[in-house]
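A.B. asks: After the structure tokens below, expect a handful of questions from me.
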Amino acid sequence: VQLQASGGGLVQPGGSLRLSCVASGSIFSINTMAWYRQAPGKTRELVAHITSGGSTNYADSVKGRFTISRDNAKNTVYLQMNRLKSEDTAVYYCRVWVGGGFDYWGQGTLVTVSS
């Protein structure tokens, strides 16, 4: 299974970005899909996850600003990020869990929030 994340870039504070992560390969079923981030000098943290049934959960720091969604037909998970702050600057990684209990990580996409 390969994960390809995209959509990162440079944005001003208050702006928006939409991240995408496409899973490909020998996939029978995808269970939970998630986004993590790692800021410089900090540990990787969970940003949001979405189950196969559509239930979502968010880190307190992004509640009300970020929205996670998925398109099961396209094996894709999205992260809509609004009202971005400088503290959202990080490399964002997608992660998926598939049948059999395996999980996979994407390569990361850099989000920089700066004026």
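A.B. asks: Note down the magnitude of the dipole of the chain about its Cα centre, charges +1 on Lys and Arg C-beta and -1 on Asp and Glu C-beta and zero elsewhere, to the nearest 20 debye.
C.D. replies: Numbers: 11 positive and 6 negative charges, 33 e Å.
Dipole about the Cα centre, nearest 20: 160 debye.
A.B. asks: Where in region 1-57 are there trypsin sites (Lys or Arg not before Pro) that are in a DSSP coil and have at most 13 other Cβ atoms within 10 angstrom of their Cβ?
C.D. replies: Lys42
A.B. asks: When only DSSP loop residues count, what chymotrypsin sites (Phe, Trp or Tyr not before Pro) in region 21-115 have their Cβ near at most 14 other Cβ atoms within 10 Å? Don't jump to the answer; show the numbers that get you there.
C.D. replies: Numbers: sites: Phe28, Trp35, Tyr36, Tyr58, Phe66, Tyr78, Tyr92, Tyr93, Trp97, Phe102, Tyr104, Trp105; in loops: Phe28, Phe102.
Hits after loop and neighbour filter: Phe28, Phe102.
A.B. asks: Provide the per-residue ³J(HN,Hα) series for region 4-9, in order, calculated from phi with Karplus coefficients 6.51, -1.76, 1.60 and θ = phi - 60°, each as a whole number of Hz, with x at glycine and proline positions.
C.D. replies: 10, 9, 8, x, x, x
A.B. asks: OK, next. Of the heavy-atom accessible surface of region 42-115 (probe 1.4 angstrom), what whole percent is carbon and sulfur?
C.D. replies: 47
A.B. asks: Which value in nm describes the separation of the simple spin-label points at Phe28 and Gln107, placed 7 Å from the Cα toward the beta carbon?
C.D. replies: Computed distance between label sites Phe28 and Gln107 equals 2.9 nm.
A.B. asks: Can you give me the distance in nm between label points at Ser61 and Gln2, each placed 7 Å from the Cα along the Cα-to-Cβ direction?
C.D. replies: Placing both labels 7 Å beyond Cα along the Cβ direction yields 3.1 nm.
A.B. asks: Rg and Dmax of the chain, Cα atoms, in Å?
C.D. replies: 13.5, 45
The values are calculated or read from the model by the stated rules, or taken from the named source; none is laboratory data. On a predicted model such as this, the values are computed, not experimentally measured, just so you know. Cβ atoms come from the backbone with ideal geometry, glycine included; neighbour counts cover every protein chain shown. Areas reflect the complete protein model, heavy atoms only, side chains present, ligands, DNA and RNA absent. Shrake-Rupley method; radii C 1.70, N 1.55, O 1.52, S 1.80 Å.
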